[in-house]
1. Please determine, by comparing only the residues of region 334-390 that are aromatic (Phe, Trp, Tyr) and crowded, with 18+ Cβ neighbours inside 10 Å, which one is farthest from Trp66 (Cα to Cα).
2. May I ask you to list the residues in region 153-168 that are touching a Phe, Trp or Tyr at 6+ places or on another chain (Cβ under 6 Å) and either surrounded by 24 or more Cβ atoms within 10 Å (Cβ to Cβ) or outside any helix (DSSP H, G or I) (or both)?
3. Could you tell me whether any residue of region 410-424 is among the hydroxyl-bearing types (Ser, Thr, Tyr), in contact (Cβ under 8 Å) with a residue 40 or more places away in the chain and under 30 Å from Glu517 (Cα atoms)?
4. Restricting the search to region 589-631, which residues are small (Gly, Ala, Ser) and either closer than 16 Å to Phe680 by Cβ or over 51 Å from the mean Cα position of the chain (by Cα) (or both)?
5. Test of understanding: among Leu71, Leu112, which residue is crowded, with 18+ Cβ neighbours inside 10 Å, in a helix (DSSP H, G or I) and modelled with pLDDT under 95?
6. Is it true that Pro398 is more than 23 Å from Thr314 (Cα to Cα) and crowded, with 20+ Cβ neighbours inside 10 Å?
7. What number goes with the only condition from (1) modelled with pLDDT under 95; (2) in contact with a Cys (Cβ under 6 Å, 6 or more places away or on another chain) that Ala129 does not pass?
8. In the set Leu641, Leu601, Leu596, which member is crowded, with 20+ Cβ neighbours inside 10 Å, part of a helix (DSSP H, G or I), touching a Cys at 6+ places or on another chain (Cβ under 8 Å) and of a type outside the set (Gly, Ala, Ser)?
Amino acid sequence: MTETERTPLAEIERTESGGPGNRTVDQEQPQTTTLVGRWGYLVPFALFIFICIAYVPSLDGAFVHWDDSALLFTHENCQRFAPENIRWMFTTTYGGHFQPLTWLTYAIDWQLAGPYPFMYHLTSVVFHALTAVAFYFLVRQLLAVGFGRYEDRQEAGTIGAAVFATLLFALHPLRAESVAWVAERRDVVSGLFFVLSVACYVKYAARRAERREAAGSQIESFVEPGQHPRETVFYWGSILLCAVSLLAKASAMTLAFVLLILDAYPLRRFSKAHRTDRDSISLILTEKVPFLALGMAAGAVAVWAQQQGGALETLASHDIPSRLAQSSYGLVFYIWKTLWPANLGPLYEIPPKSALFGPMLWISLAALTVIVVTVIRLGRRYPALPAAFAAYVVVLGPTLGLFQSGRQLVADRYSYLSCLGWTVLASAILLAHFRGRFSFSDRNRYASGAIVATLLVALLGRAGFAQQDIWLGPLQLWSHGVAVNPGSAIAHVNYADALVVIEDYDLAVEHYRRGLEINPHDVIAWHHLARIQRRLGRYDSAIYSYIQTLKRDPGRRGAHLPLARLLIGAERPQQAIAVLKDGARQTPEETGITYLLADMLATHPADEVRDGQAALSWAEKLLDAWGHNDPAALMVYASALAEAGRCEEALETARQAKEIAGPLRNGRLTHEIDRRLKSFEKGEPYHDPFGE
């Protein structure tokens with residue numbers, strides 16, 4: 001390779017090696033144009049506005065009801081700023097996440113817009129645009145340091161390359177999930193402070209380097225008190241921003257290792273030319289202790305939160321070989337989708353082992369081997385490449401499946417921070433072209449580079465614009481999810497749920513069945529299918545589906561009572577009684593089960609079904625639950641008393657129930673009490689002639 005063919009990144013490494021005849025970086029720098037003053041601030045402002053406009057489709061989105069409803073509407077704690085609500089935000093692990101800062105942003109949105117989705121989407125878009133602007137400044141720093149002149153961050157080519165990296169990151173279709181999905185707000189909130197933390201650290205390290213060059217001598221240890229207050233501010237600011245990022249999501253838990261990678265390149269703090277004293281390496285490592293401590297604490301809390309939320313997969317359900325196969329696939333997946341972002345979906349479900357250990361594993365291992373060998377072979381010549389790859393692996397590591405949360409094999413949102421290094425690498429290539437470092441760089445290199453960069457950004461921006469459309473609502477989301485991943489049982493079930501909302505019941509049943517063909521152990525699918533079959537009048541099928549539901553989850557709420565009613569309608573009262581007794585034990589909070597059980601035992605026309613003493617016992621539990629002034633509970637208690645042979649007490653209790661029910665103007669209840677009173681006045685128990 002000739003002198004002009006070397007990239008500046010390689011040139012810097014060659015110069016530092018002290019080889020004879022090497023020119024300095026300053027001698028090789030071309031004449032540059034700087035952008036200062038108001039123009040320097042116009043660029044990030046324009047980026048912010050442009051990115052917000054690019055995400056306008058997201059503002060029309062509804063809640064997709066995939067964690068959105070559970071997060072925002074189940075708990076009032078994220079809707080107010082009372083002390084007890086804030087205490088809840090900083091202590092809860094609801095949903096399997098510790099994210100107090102994200103909860104605070106939801107509370108602000110709720111105060112401004114209530115349950116309407118526009119403000120929630122707008123907040124996410126603004127956070128993403130701010131993250132992109134922060135990334136723009138970080139890329140300028142990294143490019144200037146990597147090319148050997150920190151002051152070049154104001155140079156037009158550096159700014160142009162930083163704009164290119166920013167737009168690649170911000171507009172890429174992989175970002176749509178993190179921005180358009182309200183429940184994934186934690187990505188953009190955490191990402192903003194993660195990028196700011198890295199930027200502060202790079203600023204700190206660059207200032208140390210500038211001061212060393214200016215002094216021309218060894219610098220003092222950073223940890224000495226009172227030394228270099230500007231550097232101290234940036235260093236501790238980086239730590240503070242890391243902590244804030246971790247309060248939104250645990251993504252920054254690996255930040256200490258990312259900073260060590262940056263120390264190696266492009267900061268080159270480990271190289272002999274930049275070592276100022278014999279303790280410099282230990283000093284660099286000591287600097288990372290606060291970041292490491294924060295990361296370890298955040299990681300432990302994240303695992304604990306997932307355990308509390310029931311999201312953490314056990315080794316029994318997802319063993320170590322499966323996790324290693326998942327990791328291999330994930331490392332290739334995000335690189336491939338960054339280069340070719342087609343067929344992106346909301347869920348890539350973990351496939352059966354037969355598929356996981358099939359061709360997809362061997363293709364992934366082959367591709368990963370090629371990537372690693374390429375990085376190693378080119379790493380000495382192009383040190384930015386192994387730095388980007390190492391940062392990618394480090395940031396992605398916690399999401400590769402070793403601590404598996406949920407049933408996703410991979411997820412678009414995991415690329416939000418992990419792929420930042422690749423965009424920096426792309427901008428470095430563009431800047432190298434601007435500076436004529438490639439054999440194909442000609443006199444029109446600025447124009448040609450700008451044209452190629454613009455076309456690439458335009459193509460990705462268009463794809464990202466379209467990708468937002470699938471997040472406009474649950475129907476769009478899961479129809480696309482089924483199309484992209486027809487082997488996902490969860491996608492079929494979620495699509496069926498969306499079809500139920502628009503009352504397309506027949507198609508919903510079809511997709512419930514497809515989901516159950518893929519995963520016959522899906523309790524939610526069986527339960528939802530049973531409800532729709534019941535609604536459609538397919539009672540025998542509904543009974544079967546409810547039985548399958550309870551077989552897999554005996555404590556499933558909302559399944560015992562409708563199954564019992566269906567069994568009563570099918571003239572199978574003994575089975576209904578058994579289901580109700582089991583439901584009362586499994587879900588005692590569902591007092592409707594107690595009501596029906598006590599009433600059946602007291603009033604059913606079949607002698608072999610009725611049991612006065614058992615009815616009385618269950619009716620007393622109902623009174624304890626509903627209160628002794630509830631007319632429906634008193635009516636059932638009166639029926640149980642009559643069946644147990646205590647007709648006078650039954651008559652008195654029924655009259656009390658009628659007196660309480662009168663002001664309630666519940667005609668149906670009053671009529672039922674009157675029917676039973678007639679039997680009690682005759683000194684007879686009441687038996688429902690229809691067994692209903």
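The values are calculated or read from the model by the stated rules, or taken from the named source; none is laboratory data. Bear in mind that the values here come from a model prediction, so they are computed numbers and not experimental data. Please note: Cβ atoms are built from the backbone with ideal geometry, for glycine as well, and neighbour counts cover all protein chains shown.
1. Kept after step one, since they are aromatic (Phe, Trp, Tyr), are these residues of region 334-390: 334, 336, 340, 348, 357, 362, 382, 389.
With crowded, with 18+ Cβ neighbours inside 10 Å added as a condition, the list becomes 334, 348, 382, 389.
Numbers: Tyr334: 23, Tyr348: 15, Tyr382: 43, Phe389: 32 Å.
Among them, the one singled out is Tyr382.
2. Taking region 153-168 first, the residues touching a Phe, Trp or Tyr at 6+ places or on another chain (Cβ under 6 Å) are 157, 162, 166.
Result: Ala162, Thr166.
3. Step one: list which residues in region 410-424 are among the hydroxyl-bearing types (Ser, Thr, Tyr), which gives 414-416, 418, 423.
With in contact (Cβ under 8 Å) with a residue 40 or more places away in the chain added as a condition, the list becomes 414-416, 418, 423.
Now drop any that are not under 30 Å from Glu517 (Cα atoms), which leaves 414.
Looking through region 410-424, at least one residue is among the hydroxyl-bearing types (Ser, Thr, Tyr), in contact (Cβ under 8 Å) with a residue 40 or more places away in the chain and under 30 Å from Glu517 (Cα atoms).
4. If we filter region 589-631 for residues that are small (Gly, Ala, Ser), which is where we start, we get 592, 598, 602, 606, 612, 614-615, 617, 619, 625, 627.
The answer is Ala602, Ala606, Gly612, Ala615, Ala619.
5. Leu71
6. Working: more than 23 Å from Thr314 (Cα to Cα): no; crowded, with 20+ Cβ neighbours inside 10 Å: yes.
Against the criterion (more than 23 Å from Thr314 (Cα to Cα) and crowded, with 20+ Cβ neighbours inside 10 Å), Pro398 does not qualify.
7. (1)
8. Values: Leu601 fails: touching a Cys at 6+ places or on another chain (Cβ under 8 Å); Leu596 fails: touching a Cys at 6+ places or on another chain (Cβ under 8 Å).
Exactly one residue qualifies, and that residue is Leu641.
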